[in-house]
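I have placed the structure first, in the form of structure tokens, so that the comments after it can refer back to it.
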Amino acid sequence: MLRVLFVSSEMMPLSKTGGLGDVSFSLPAALRRLGHDVRVLTPFYGSVLQAGIGTGDLVAALPMPGFSEPVELRLYVDPRHGVPIYLLNYPPYYLRYGNIYQDPFGKDWSDNDLRFALLSRIGQEIAQARVSELDWRPQVVHANDWQSGLLPYLLELEARVGASRPATLFTVHNLAYQGIFPPSSVAKLGLPPADFHPLGTEYYGQFSFMKTALLYADRITTVSPTYAREIQTKAYGMGLEGLLQARSGVLSGILNGIDAEYWNPAQDSNLPATYSAADLAGKQTCKAALQQEMGLPVDANRLLFGSVGRLVTQKGMDLVADALPAMLRESGGQFVLLGSGDRELESRFQALAQEYPEQVAVRLGYDEGLAHRIEAGLDLFLMPSRFEPCGLNQMYSLAYGTLPLVRRTGGLADTVIDASPVALADGTANGFVFEDASSVALLEAFSHAVSTYSKPDLWRQLQQRGMTQDFSWDRAAQQYAHLYSQIIRF
């Protein structure tokens, strides 16, 4: 049994802005099923109260130099999987209006460096067994994305002065978000100025949490094998490709999984009807109900396609907006969208909904139940990302018998096999894939999907193939456990 401290800035259902929240909920649970002692450290945001969790039980009140009040650790145990969660409670930093990282006007909180340095500092205290109330010390500290990126560095600084430290593993969930701050942050955070140079923590004159983690972690993972290769190239490396190439010996990609119980159309309480690969009748009920819920004409024969997620260029949603009128003309189908993000893209999709009221329905924001109903009700899910470290929605879609249409990048390339003649012949096809990040290439792939939709038997075969694939977290958890065992120090 391994002892692992899993540190993340978000964790569903306590907090979530993207896939990191899903991973931080599911991976620790899967590791515990393997018999490992995994505990999570995450901030106590206002969203924790909104999720109906309560405040948890006070475990420790830690006096920290320069802080106006003690920093609390509160214990909440996930009732579903039994994962102990240490909630980092410091209201001046975390109890705010807005989302986790940004104010109500969409701007990053100006003190994000301090807010997430504290997350790493408390992780350091737990890792070095200095929180006596816990009576626990991890063998491995697993940090995630830039928000906990200082943690491997802080533990390395301990080792420099002769202290033993746990092994560190750092997972890159999205290299585009790097936690870059002015050089003044180095002094503000009490970090050694001697390490602030181009071969150290400096990133083009700024201080980077992400680069710091990549430098000092014992092991680096990212969330799909293809993305691990892509980030070592100039096209995807975000200026860190040289460092990642230098550390390629300790870098690997482990494909994320999905919660196969929570995302299961055979038992999903969010749906008006359940169904399985063996009996798809309930999916037609879900389609009709979704059309009705979104204010579209109910028609079982019309192709229903759509998307759920952030409306940003990374996700290729501008390509969808460009191509949508042609898609509607060619297919005569209907389009459903749930998401939020770039204000200009939000406005474009709202305008398209007004222009095509019988074919386009847009819901801005996020609704977990509706996300499930969309996955179940759609025939075709669009995910034309310019880059996609892993992606979860394409796996949700496959599980729900909704064929994904994706661009060949990152985790999308690792999970979706184009319905080409070769893949159809060898039985591996499960969706539609295109190469170029252009609306023209998207339209070509969409035309292929429309043609395939006109062949019900073939469409059903592709649905059933996707629904019987195993994307559960157990596979990924075994790979992480293997890496942990390779790097432990005591």
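State the number of residues belonging to the stretch 240-267 that are open to solvent by less than 30 Å² (accessible area, probe 1.4 Å), in a loop (DSSP other than H, G, I, E, B) and over 20 Å from Asn393 (Cα atoms).
So the answer is 1.
State which residue is farthest from Leu319 (Cα to Cα) when the search covers only the stretch 405-449 and only residues that are among the charged types (D, E, K, R) and in a strand (DSSP E or B).
The extreme case among them is Asp418.
Can you pull out the residues in the stretch 289-318 that are assigned to a helix (DSSP H, G or I), surrounded by fewer than 24 Cβ atoms within 10 Å (Cβ to Cβ) and touching a residue at least 60 places away in the same chain (Cβ under 8 Å)?
Within the stretch 289-318, Ala289, Gln291, Glu293, Thr313, Gln314 meet the criteria.
Out of the stretch 168-219, which residues are among the β-branched types (Val, Ile, Thr), surrounded by 23 or more Cβ atoms within 10 Å (Cβ to Cβ) and not in a helix (DSSP H, G or I)?
Residues of the stretch 168-219 that are among the β-branched types (Val, Ile, Thr), as a first pass: 168, 171-172, 180, 186, 201, 212.
Narrowing further to those that are surrounded by 23 or more Cβ atoms within 10 Å (Cβ to Cβ): 168, 171-172, 201, 212.
Matches in the stretch 168-219: Thr168, Thr171, Val172, Thr201.
Quick test of your reading of the structure: Leu114 fulfils all but one of (1) surrounded by fewer than 21 Cβ atoms within 10 Å (Cβ to Cβ); (2) closer than 30 Å to Asp259 by Cα. Name the failing condition by number.
Only one criterion in (1) surrounded by fewer than 21 Cβ atoms within 10 Å (Cβ to Cβ); (2) closer than 30 Å to Asp259 by Cα is unmet by Leu114, namely (2).
Among the residues of the stretch 141-156, is there at least one that is out of contact with any helix residue (DSSP H, G or I) (no Cβ under 7 Å at 6 or more places or on another chain), closer than 29 Å to Pro193 by Cβ and open to solvent by 20 Å² or more (accessible area, probe 1.4 Å)?
Within the stretch 141-156, none of the residues are out of contact with any helix residue (DSSP H, G or I) (no Cβ under 7 Å at 6 or more places or on another chain), closer than 29 Å to Pro193 by Cβ and open to solvent by 20 Å² or more (accessible area, probe 1.4 Å).
On the basis of being crowded, with 17+ Cβ neighbours inside 10 Å and under 22 Å from Gly21 (Cβ atoms), does Gly333 make the cut?
For Gly333, the condition - crowded, with 17+ Cβ neighbours inside 10 Å and under 22 Å from Gly21 (Cβ atoms) - is not met.
Checking the condition of a type in the set (A, V, I, L, M), in a helix (DSSP H, G or I) and under 17 Å from the mean Cα position of the chain (by Cα), which residue from Ala351, Ala376, Ala371 passes?
Among Ala351, Ala376, Ala371, only Ala371 is of a type in the set (A, V, I, L, M), in a helix (DSSP H, G or I) and under 17 Å from the mean Cα position of the chain (by Cα).
Show me the strands (runs of 3 or more DSSP E) found entirely inside the stretch 1-94 where at least 1 residues are open to solvent by 20 Å² or more (accessible area, probe 1.4 Å) and charged (D, E, K, R).
Of the strands (runs of 3 or more DSSP E) lying wholly inside the stretch 1-94, those with at least 1 residues that are open to solvent by 20 Å² or more (accessible area, probe 1.4 Å) and charged (D, E, K, R) span 3-7, 37-43, 57-62, 71-77.
If I go through the stretch 260-277 residue by residue, how many of them are touching a helix residue (DSSP H, G or I) at 6+ places or on another chain (Cβ under 8 Å), under 19 Å from Gln463 (Cα atoms) and of a type outside the set (Ser, Thr, Tyr)?
8
Kindly indicate which of Gln354, Gln359 is surrounded by 20 or more Cβ atoms within 10 Å (Cβ to Cβ) and farther than 30 Å from Ala228 by Cα.
Of Gln354, Gln359, the one residue that is surrounded by 20 or more Cβ atoms within 10 Å (Cβ to Cβ) and farther than 30 Å from Ala228 by Cα is Gln359.
Evaluate the stretch 19-39: report whether one residue or more is modelled with pLDDT under 90 and either at positive phi or polar (S, T, N, Q) (or both).
no
When the residues of the stretch 441-490 are narrowed to those that are in contact with a Leu (Cβ under 9 Å, 6 or more places away or on another chain) and of a type in the set (Lys, Arg), which ends up nearest to Gly249 (Cα to Cα)?
Arg475
The values are calculated or read from the model by the stated rules, or taken from the named source; none is laboratory data. The shown structure was predicted, so the numbers you read here are calculated from the model rather than taken from an experiment. Positions of Cβ are generated from backbone atoms using ideal geometry, with glycine treated the same way; all protein chains shown enter the neighbour counts. Surface accessibility is based on the protein's heavy atoms, side chains included, excluding ligands, DNA and RNA. Shrake-Rupley method; radii C 1.70, N 1.55, O 1.52, S 1.80 Å.
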